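Colleague: Below you'll find the structure I mean.
Only the coordinates and a few stated rules stand behind these numbers; no lab work does. Note that the coordinates shown come from a computational prediction; the quantities given were computed from them, not determined experimentally. Cβ sites come from the backbone with ideal geometry, for glycine too, and all protein chains shown count toward neighbours.
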Amino acid sequence: MNLPKKIFALLFLCAFTNYFSQDSSLARKDIDFLTSKVCWGRGYTNKGLEKAAEYLNKSFKTIGLKPLNKKKYSQFLYMNVNTFPGKMEVIADGKKLIPGVHFIVDNESKGISGGFMLFKKDSVTYHAADARSTVPLIISLQKKLTWSASQKVSEGTIIELLKDSFQKEIKNMDVQIETKFVKNYKMQNICGFIPGTEKKDSFIVFTAHYDHLGGMGSTTFFPGANDNASGVSLVLQLARYYKLNPPKYNVAFLLFCGEEAGLVGSKYFTENPLMPLSKIKFLVNLDLLGTGDEGITVVNATEFKKEFDLLKSINDEKKLLSLVKPRGKAQNSDHFYFGQKGVHCFFIYTMGGIKAYHDVYDISKTLPLTKYKEVFLLLTEFVARF
Ligand SMILES: [Zn+2]
């Protein structure tokens with residue numbers, strides 16, 4: 001019997017929806033763990049990144065992926081990193097401030113302790129009054145607190161304050177901020193694959209970074225639910241799916257470290273690849289996958305027009321996302337160094353919804369995963385038509 005096209009589309013959606021409802025609780029479980037206190041923002045204190053790596057190695061094993069690095073999933077590498085393991089106290093005119101809520105310490109800052117008189121430099125900047133020519137402490141008022149990670153440490157300390165919380169001029173500040181510059185911090189990319197049924201020498205690759213910013217002091221960490229527990233969980237979902245539905249090509253799953261400190265893990269992988277880069281048919285990097293109310297953006301759409309047209313036509317046909325927006329080349333996530341080495345690749349992120357980004361509010365509880373399933377369907381159909 002010849003079923004009309006429409007029914008086929010419907011059946012397609014039903015089949016995947018079934019698969020997904022069985023499995024979507026696993027996605028939330030992954031995100032909950034990766035954003036939990038145990039993983040401490042998947043950074044460089046409290047063994048946060050290591051706990052996350054341990055969990056992901058176990059997940060790869062449970063799913064049944066083959067290791068890409070001989071008998072291991074792990075590809076180890078080293079990076080210098082500025083960390084904030086201990087004291088994180090700031091008192092402004094007698095008021096104790098909450099880390100992450102009222103203030104953040106700029107990621108390149110050096111530790112500092114003492115009481116300082118402040119003077120206003122301009123409408124958004126204070127300097128600590130000091131006899132020395134270098135200013136040991138700078139206070140900068142910001143509309144939003146956005147943290148980051150750094151491979152360097154500078155000479156001074158910058159504290160960023162949330163502007164709205166400080167209407168009155170600040171006169172004094174007591175600070176105790178402990179930092180530790182760690183040389184050659186050992187970390188790992190996690191790399192596995194599922195062998196293809198036909199084209200055994202070519203790879204489709206899905207990537208996502210599992211690191212985030214870590215912790216700032218001993219009580220505050222940055223959970224990084226949207227950035228990028230969401231992308232990691234989607235890579236795991238894809239791995240589970242392809243294990244049950246072996247693809248034509250080999251499909252590799254790469255989870256990178258050190259992205260937030262400057263694409264360190266993915267750059268290392270492109271310099272020390274575990275498969276010949278020339279054998280990568282296409283690579284899709286997933287970073288910020290937790291929303292989608294306003295569709296998705298596809299970085300490198302203008303570079304790989306044919307593949308972008310395919311993605312768009314699948315979306316039009318299956319009516320998955322409200323917008324599949326093209327964007328040019330950008331050095332903003334782990335696809336970048338692959339692109340530089342001639343690998344055909346996209347970086348996909350979702351748009352709309354929550355505004356939390358690189359702050360303490362990027363948590364699992366408020367991460368909607370609005371179009372998570374639709375992005376999954378789009379990607380699997382994209383691979384199927386390759
Ligand atoms: Zn990210």
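Colleague: Which value at 222 nm does the chain reach when only helices count, each DSSP H run of 4 or more adding -39,500 (n - 2.57), with the total divided by all residues and rounded to the nearest 500 deg cm²/dmol?
Modeller: Details: 7 runs with 101 residues, N = 386.
-8500 deg cm²/dmol, from helical runs alone.
Colleague: So how do 261-270, 319-328 stack up, highest first, on mean other-Cβ count within 10 Å?
Modeller: Numbers: 261-270: 21.4, 319-328: 16.1.
My ranking of the peptides, most packed first, is 261-270, 319-328.
Colleague: Give Lys305/Lys325; Lys200/Lys267; Lys152/Lys180; Lys58/Lys243; Lys95/Lys168; Lys183/Lys341 a once-over and call out the pairs whose C-alpha atoms are over 20 Å from each other. All intermediate terms of the calculation are to be shown ahead of the outcome.
Modeller: Working: Lys305/Lys325 12 Å; Lys200/Lys267 25 Å; Lys152/Lys180 11 Å; Lys58/Lys243 15 Å; Lys95/Lys168 13 Å; Lys183/Lys341 28 Å.
Among Lys305/Lys325; Lys200/Lys267; Lys152/Lys180; Lys58/Lys243; Lys95/Lys168; Lys183/Lys341, the Cα-Cα distance tops 20 Å for Lys200/Lys267; Lys183/Lys341.
Colleague: Any idea what the dipole of the chain comes to, in debye rounded to 20, about its Cα centre with Lys/Arg Cβ at +1 and Asp/Glu Cβ at -1? All intermediate terms of the calculation are to be shown ahead of the outcome.
Modeller: Values: 52 positive and 37 negative charges, 217 e Å.
Computed about the Cα centre, the dipole is about 1040 debye.
Colleague: Expressed as an acute angle from 0 to 90° and rounded to the nearest 10, what is the orientation of the C-alpha long axis of helix 230-244 relative to the principal long axis of the chain?
Modeller: Helix 230-244 and the main axis of the chain meet at about 20 degrees.
Colleague: Would you mind estimating how fast the stretch 164-219 diffuses translationally, via Stokes-Einstein at 25 °C and 0.890 mPa s with the Kirkwood radius over Cα pairs, in µm²/s? Please list the in-between numbers first.
Modeller: Details: Rh = 17.9 Å.
Rounded, D is 137 µm²/s.
Colleague: Then there's this: Got a sec? Charge dipole of the stretch 246-386, +1 on Cβ for Lys and Arg, -1 for Asp and Glu; which of Thr380, Ala261, Gly328 is way out at the positive end?
Modeller: Thr380
Colleague: Could you tell me the largest-minus-smallest coordinate of the C-alpha atoms of the stretch 87-177 on each of the three principal axes, in descending order and whole angstroms?
Modeller: Result, largest extent first: 35, 31, 25 Å.
Colleague: Viscosity 0.692 mPa s, temperature 37 °C: give me the Stokes-Einstein translational D for the chain in µm²/s, with Rh taken as the Kirkwood radius over C-alpha pairs. Before the final figure, lay out the partial values.
Modeller: Numbers: Rh = 22.1 Å.
Using the Kirkwood radius from Cα pairs, D works out to 149 µm²/s.
Colleague: How big is the charge dipole of the stretch 87-177 about its Cα centre, in debye rounded to the nearest 20, if each Lys and Arg gets +1 on its Cβ and each Asp and Glu gets -1 on its Cβ?
Modeller: Details: 13 positive and 11 negative charges, 26 e Å.
The calculation lands at about 120 debye.
Colleague: Still on this structure, please answer the following. Taking the Cα centroid of the stretch 219-288 and of the stretch 31-102, what is the distance between the two, rounded to the nearest whole Å?
Modeller: If we compute the Cα centre of each part, the gap is 16 Å.
Colleague: Right, another one. Report the net charge of residues surrounding Lys199, where surrounding means a beta-carbon distance below 15 angstrom and charges are Lys +1, Arg +1, Asp -1, Glu -1. Don't skip to the end; give the middle numbers.
Modeller: Values: positive: Lys200, Lys248, Lys279, Lys281, Arg385; negative: Glu198, Asp201.
Local charge sum for Lys199: +3.
Colleague: Report, in listed order, any pair from Lys163/Lys329; Lys47/Lys110; Lys144/Lys329; Lys37/Lys312 with a Cα-Cα distance greater than 30 Å. Can you show the working numbers first?
Modeller: Details: Lys163/Lys329 34 Å; Lys47/Lys110 21 Å; Lys144/Lys329 27 Å; Lys37/Lys312 39 Å.
Pairs exceeding the cut-off: Lys163/Lys329; Lys37/Lys312.
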